[in-house]
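The values are calculated or read from the model by the stated rules, or taken from the named source; none is laboratory data. Only a predicted model underlies this, so the values are computations on that prediction, with no experimental measurement involved. No Cβ is skipped: glycine too gets one built from the backbone with ideal geometry, and neighbour counts run over all protein chains shown. The area values use the complete protein model at the heavy-atom level, side chains included, leaving out ligands, DNA and RNA. Shrake-Rupley method; radii C 1.70, N 1.55, O 1.52, S 1.80 Å.
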Amino acid sequence: MLTGELVRLRALEPSDAEALWRWNSDPDVMRWMDEGYPASQAQVAARCEERERNSYDNMLLAIETLGEGRLIGVTRLGDTEPETGRAELDIYIGEKDCWGKGYGTEATRLICRYGFDRMRLHSIALWVVAENAAAIRVYEKVGFVRDGRHRHSFRRDGRWYDQILMSMLEGELLG
Ligand SMILES: CC(C)(COP(=O)(O)OP(=O)(O)OC[C@H]1O[C@@H](n2cnc3c(N)ncnc32)[C@H](O)[C@@H]1OP(=O)(O)O)[C@@H](O)C(=O)NCCC(=O)NCCS
């Protein structure tokens, strides 16, 4: 378990499936995320039940508040390459009343610290839609920098959006 001052990160439990399905069905939460094709609650529950244990190349963790132990989101380091020590980061806080309280920043910092210290990663990268100002702010606060821009790589409601590639190298994590 990875514990900070506001949140802890832990492995996913089958009982987390209802919240995951609810968040994935919420257009506000999914506004700037690739939601994939619609999945039923039973399909999400089966995915949680059958999930393999976390590993070097795929680590998905639940984000829980420290005080109440409330499940509020998930974060993942995935597509990890042993040859380059590079992984990709995803994060979302699905409980909207928890936005803007510092939870996303601390969870990002905790999983990146784990990636650099325990997994001995060399770099962590991510893609973010250029309009997702809150997420970009979180990433810059913990030390990610902008590497480049992939124009028209995200489509939503009949419109194209650019995505920004951000990365952080070992030794660059802030805070
Ligand atoms: C992006 C997300 C993870 C941020 O989590 P969070 O817990 O709300 O983040 P924090 O409270 O730690 O920090 C948010 C920061 O963004 C700032 N912010 C919020 N809305 C903003 C906006 N519209 N423009 C600019 N900055 C904004 C906040 O002021 C805060 O910065 P500060 O500490 O300097 O004041 C969360 O909003 C979320 O899950 N959104 C939906 C899914 C998503 O977009 N995930 C990222 C995909 S790449």
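Observations on the structure shown:
- The relative contact order of the chain comes to 18 percent, based on Cα pairs under 8 Å that sit 6 or more residues apart.
- Computed FRET value (nearest 0.05) for Tyr56 with Trp127, which takes r as the C-beta separation and R₀ as 25 Å: 0.75
- The chain: calculated mean residue ellipticity at 222 nm from DSSP helix runs of at least 4, using -39500 (n - 2.57): -7500 deg cm²/dmol
- Residues of the range 100-126 falling in the label zone of Glu170, defined by backbone nitrogen less than 20 Å from a point 7 Å along Cα to beta-carbon, are 109-126.
- Separation between Cα centres of the range 147-168 and the range 17-50, rounded to whole Å: 22
- Percent accessible area from carbon and sulfur atoms, the range 26-96, protein chains only, probe 1.4 Å: 47
- Calculated FRET value between Ala46 and Tyr161, using beta carbons and R₀ = 41 Å, to 0.05: 0.80
- For the chain, the fraction of C-alpha pairs more than 29 angstrom apart is 17%.
- Remark: the range 1-121 carries 56 Å² of accessible area per residue (probe radius 1.4 Å; ligands, DNA and RNA excluded).
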